[in-house]
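Reading through the structure tokens given below for one structure.
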Amino acid sequence: MRRQFAVTFVSKADRPLCISKESWPAEDGTFPLGWEGTVLSTSAGSLHPKAALTAYCPGGCGEVRIDAGQQLKASVAYSAFGDAEAIAADPQRSLAFPAYPYYCRR
């Protein structure tokens, strides 16, 4: 059983979009600085992702780029929120994952 949520962002824009790296899952399915915008609802209540790093990036940690008309896929690991086994066993789990794209500066 996979212990992760699949996330897909589809660009309908006519030019490249960017999403901050802080708000998009890393390759391992975690959020480097913990992203308060993402919420996992379970039968026990709401959970926010734990920060995987404690570093601070002055001016931001970079961007993830999505070319016009393309899609960006990622996964969000259950373990980003705590006990992956307990989350996997909860039939009421659901993920709210807001995306805040903006037009890339370059």
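A short reminder: the numbers here are calculations on the coordinates, not readings from a lab. Every value quoted in this text rests on a predicted model; they were computed, and no experiment measured them. When we count neighbours, we look across all protein chains shown, and the Cβ atoms used for this are built from the backbone with ideal geometry, even at glycine.
Can you tell me the FRET efficiency between residue 86 and residue 39 if r is taken as the Cβ-Cβ distance and R0 is 25 Å, rounded to the nearest 0.05? Write out the running numbers ahead of the final one.
Numbers: r = 17 Å, r/R0 = 0.67.
After rounding, the FRET efficiency stands at 0.90.
May I ask you to evaluate 6.51 cos²θ - 1.76 cosθ + 1.60, the Karplus curve with θ = phi - 60°, for each residue of region 9-22 and list the ³J(HN,Hα) values in order in whole Hz, giving x for glycine and proline?
Each residue's phi maps through the Karplus curve to give 10, 10, 7, 10, 6, 9, 8, x, 10, 10, 10, 5, 4, 5 Hz.
Lysines near residue 73 by alpha-carbon distance under 18 Å, same-chain residues fewer than 8 away left out - which ones?
Partners within reach: 12, 21.
Working out 0.36 nm times the residue gap between residue 50 and residue 10, then minus their Cα-Cα distance, what length gain in nm do you get to one decimal?
Values: separation 40, 0.36 × 40 = 14.40 nm, distance 2.59 nm.
Full extension from residue 50 to residue 10 adds 11.8 nm.
With mean projected area of the Cα convex hull in nm² defined as stated, name the option among (i) 13.7; (ii) 7.1; (iii) 8.1 computed from the structure displayed.
Working out mean projected area of the Cα convex hull in nm² from the coordinates points to (ii).
Calculated FRET efficiency, residue 65 and residue 94, Cβ-Cβ r, R0 25 Å, to nearest 0.05?
Values: r = 28 Å, r/R0 = 1.14.
Computed FRET efficiency for residue 65 and residue 94 comes out at 0.30.
Could you go through region 46-51 in sequence order and give the Karplus-derived ³J(HN,Hα) for each residue, using 6.51 cos²θ - 1.76 cosθ + 1.60 with θ = phi - 60°, rounded to whole Hz, and x for Gly and Pro?
Result, rounded to whole Hz: 9, 10, 9, x, 7, 6.
Could you put 78, 102 in order, starting from the residue whose Cβ has the fewest other Cβ atoms within 10 Å?
102, 78
Give the relative contact order (percent, whole number) for the chain; include only Cα pairs under 8 Å separated by 6+ residues.
Over the chain, the number comes to 42 percent.
Neighbouring Cβ atoms within 10 Å as the yardstick, rank 63, 27 fewest first.
Working: 63 19, 27 7.
So the ranking, lowest neighbour count to highest, is 27, 63.
Taking the Cα centre of region 4-98 as origin and charging only Cβ (+1 Lys, Arg; -1 Asp, Glu), how large is the dipole, in debye to the nearest 20?
On the way: 7 positive and 10 negative charges, 49 e Å.
Magnitude of the dipole: close to 240 debye.
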